[in-house]
Ligand code: GLN
């Protein structure tokens, strides 16, 4: 009742594209009866969640916040949703997001922009902006987002909450609408590290429906938060903090935080990272290539938007459905991706970007032979005004500089809300570890919060 009331009172935030009050109440009553009957209760018994509009939930709307899928209902559950429900969670609604998870501000949605509760004239970040605001505004306890290049960590940073992107392959992607399949990971937005740890333990783990998901056992993250361990060795890349695009105050806060860590007895190492200027171009070449292929299935033949009058000739039919169904940013990326994969340019762009990705991967292995945890800012700025940046896509892409690294190399990363800018807006600290070391990541985050 509390969350339904909050949803009702804060509709102007536009964080949800669908709410299911009756169903949620029914589920709550069922769970309560189960508890009273003395039956075993699940790990998320009664936990109220929302999920991003790219994560399939059987018999519920699934549109990627795009006109091309408006009105579509999923015919099956994603593995993540199925696992939440199996542990007695209550899913109360579906989160607005950037269309097909492409964006950093949640302005590219067919449902209109989401507003940041801290200042409603500002963006919440993206693409999981609705998921972040749902947690920030207490429309739910925890939400699921997806993170292909920062879409969980950056909105968490803008909204003063916790955002966790697990290792690539930790959480099944079955039922997650694909954007860049070799980058995508379902992530968690929460008010604190404990909640994120609890939900991660539920949704992680092997799945027959996703061959890229790891069969490594899932640790009990919640218990591990409190277990004792040696102080991890912490590192940061000199070039990330010196980068010219970084807000001065975000820079100085990070340096002050590093000094404090040293005083607290942590060993902190400054590391070199000369590939920094290549990561955004590499990310956008590879993700648009993968997106152009993944999104080819949306043609209006078996489901999705059909332009009327329905075109008789097949090419015209595809072209009309896709031109009218997809928004501007999605079309831009399909074109970019098609270009970098085209015969004449494949080697110059796609192959080159794959080579850079390989180099980054090798460099990452070296980094984590020296340090346990890597620190970085999340975003070069705090939350900007709605409309301020969406006329310049390249500027928007460049702001992903600190988040795309983790997805390029597949390591886990999180954002925790630690700082306050003199402009009144919050910003977070990003931390990363080696593959599948979510335990160290969550544990350190927990000591800082
Ligand atoms: N801003 C990035 C992009 O637009 C990240 C998106 C994401 O993580 N889904 O590609």
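Do we have residue 295 as crowded, with 17+ Cβ neighbours inside 10 Å and touching a helix residue (DSSP H, G or I) at 6+ places or on another chain (Cβ under 7 Å) here? Give the steps one after another, and end with the answer.
On the way: crowded, with 17+ Cβ neighbours inside 10 Å: yes; touching a helix residue (DSSP H, G or I) at 6+ places or on another chain (Cβ under 7 Å): yes.
Spelling it out, residue 295 is indeed crowded, with 17+ Cβ neighbours inside 10 Å and touching a helix residue (DSSP H, G or I) at 6+ places or on another chain (Cβ under 7 Å).
Whether any residue in the stretch 47-68 is modelled with pLDDT under 95 and in a loop (DSSP other than H, G, I, E, B) is what I want to check.
Residues of the stretch 47-68 modelled with pLDDT under 95: none.
Scanning the stretch 47-68 turns up no residue that is modelled with pLDDT under 95 and in a loop (DSSP other than H, G, I, E, B).
State yes or no: is residue 434 away from the ligand (no atom under 16 Å from the Cβ) and part of a loop (DSSP other than H, G, I, E, B)? Full working, then the answer.
Working: away from the ligand (no atom under 16 Å from the Cβ): yes; part of a loop (DSSP other than H, G, I, E, B): yes.
So residue 434 fits the description; yes.
More than 26 Å from residue 75 (Cα to Cα) and touching a helix residue (DSSP H, G or I) at 6+ places or on another chain (Cβ under 7 Å): does that describe residue 359? Give the derivation first.
On the way: more than 26 Å from residue 75 (Cα to Cα): yes; touching a helix residue (DSSP H, G or I) at 6+ places or on another chain (Cβ under 7 Å): no.
When the stated conditions are applied, residue 359 does not pass them.
Test residue 200 against the stated conditions and say whether it is in a helix (DSSP H, G or I) and touching a helix residue (DSSP H, G or I) at 6+ places or on another chain (Cβ under 9 Å). Before you say what the answer is, go through the steps one by one.
Details: in a helix (DSSP H, G or I): yes; touching a helix residue (DSSP H, G or I) at 6+ places or on another chain (Cβ under 9 Å): yes.
So residue 200 fits the description; yes.
What pairs come up if the first residue lies in the stretch 40-55 and is at positive phi, the second is surrounded by fewer than 24 Cβ atoms within 10 Å (Cβ to Cβ), and their beta carbons are under 7 Å apart, counting only those six or more places apart or on different chains?
From residues that are at positive phi, the pairs are 46/28; 46/31; 46/88.
Based on this model, can you work out whether residue 118 counts as without any contact (Cβ under 8 Å) to a residue 24 or more places away in the chain and surrounded by fewer than 24 Cβ atoms within 10 Å (Cβ to Cβ)?
no
Which ones in the stretch 33-46 are surrounded by 15 or more Cβ atoms within 10 Å (Cβ to Cβ) and outside any loop (DSSP other than H, G, I, E, B)?
Of all residues in the stretch 33-46, those surrounded by 15 or more Cβ atoms within 10 Å (Cβ to Cβ) come to 34, 42-46.
Result: 34, single match.
Can you pull out the residues in the stretch 303-341 that are exposed (fewer than 15 other Cβ atoms within 10 Å of the Cβ), under 29 Å from the mean Cα position of the chain (by Cα) and more than 16 Å from the ligand (Cβ to nearest atom)?
The answer is 323, 324.
The values are calculated or read from the model by the stated rules, or taken from the named source; none is laboratory data. Bear in mind that the values here come from a model prediction, so they are computed numbers and not experimental data. Quick reminder, even Gly has a Cβ in these numbers, built from the backbone with ideal geometry, and neighbours come from all protein chains shown.
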